[in-house]
Amino acid sequence: MVSVDKAAAPSAPPIQSYVQPSTGIPIQPSPSPSGPQVPGPWATGLCDCFSDVSNCCITCWCPCITFGQIAEIVDRGSTSCGASGALYALIAYITGCACIYSCFYRSKMRRQYMLPEDPCPDCLVHFFCESCALCQEYRELQHRGFDMSLGT
């Protein structure tokens, strides 16, 4: 009979766990193949700005921050909060009308979440109520489970 020395047997390296860093984009299951998403209303109204006073103040005094946070999530992390916010600020400085840029993100967000074009077309909402529109989009993403404070 051959004896095997148990001490000489190779041992497996210790298993190390990898913790994925947090981003502003939650990992959600893909839509069910059973059917398309059902359109739904916005979680809050266009003029519900004061339901989140801190965001209302930031958006009023520096809308590029709120826009950057929204754009990063709507673009699913392909653009950073800082880059989108800086481009928004540059367009606002050059043209005085950053709604030219931000209204396209409202349209993109509506398509992603099947939200109604309410109360009027996206570009008109942003042209006449830029701060209210940005606040509503911010609240909608918060309502859908995104952590807006991460801003990665």
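Summary of values
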quantity	calculated
Residue check, Phe104 part of a helix (DSSP H, G or I) and more than 14 Å from the chain's Cα centre (by Cα)	yes
Residue that is modelled with the highest pLDDT, among those in region 32-62 that are aromatic (Phe, Trp, Tyr) and open to solvent by 80 Å² or more (accessible area, probe 1.4 Å)	Trp61
Only listed residue being open to solvent by 30 Å² or more (accessible area, probe 1.4 Å), in contact (Cβ under 8 Å) with a residue 12 or more places away in the chain and of a type outside the set (Phe, Trp, Tyr), chosen from Arg106, Arg76	Arg76
Some residue of region 112-121 being charged (D, E, K, R) and crowded, with 16+ Cβ neighbours inside 10 Å	no
Index of the failed condition, Ile94 passing every other in (1) β-branched (Val, Ile, Thr); (2) over 22 Å from Phe50 (Cα atoms); (3) open to solvent by less than 60 Å² (accessible area, probe 1.4 Å)	(3)
Selection status of Leu124, under 12 Å from Cys64 (Cα atoms) and open to solvent by 60 Å² or more (accessible area, probe 1.4 Å)	no
So Arg139, is it in contact (Cβ under 8 Å) with a residue 40 or more places away in the chain and outside any loop (DSSP other than H, G, I, E, B)	yes
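The values are calculated or read from the model by the stated rules, or taken from the named source; none is laboratory data. Note that this is a predicted model, so its numbers are computed, not measured. Backbone-built Cβ (ideal geometry, glycine too); neighbour counts: all protein chains shown. Side chains included, ligands, DNA and RNA excluded: accessible areas come from the protein's heavy atoms. Shrake-Rupley method; radii C 1.70, N 1.55, O 1.52, S 1.80 Å.
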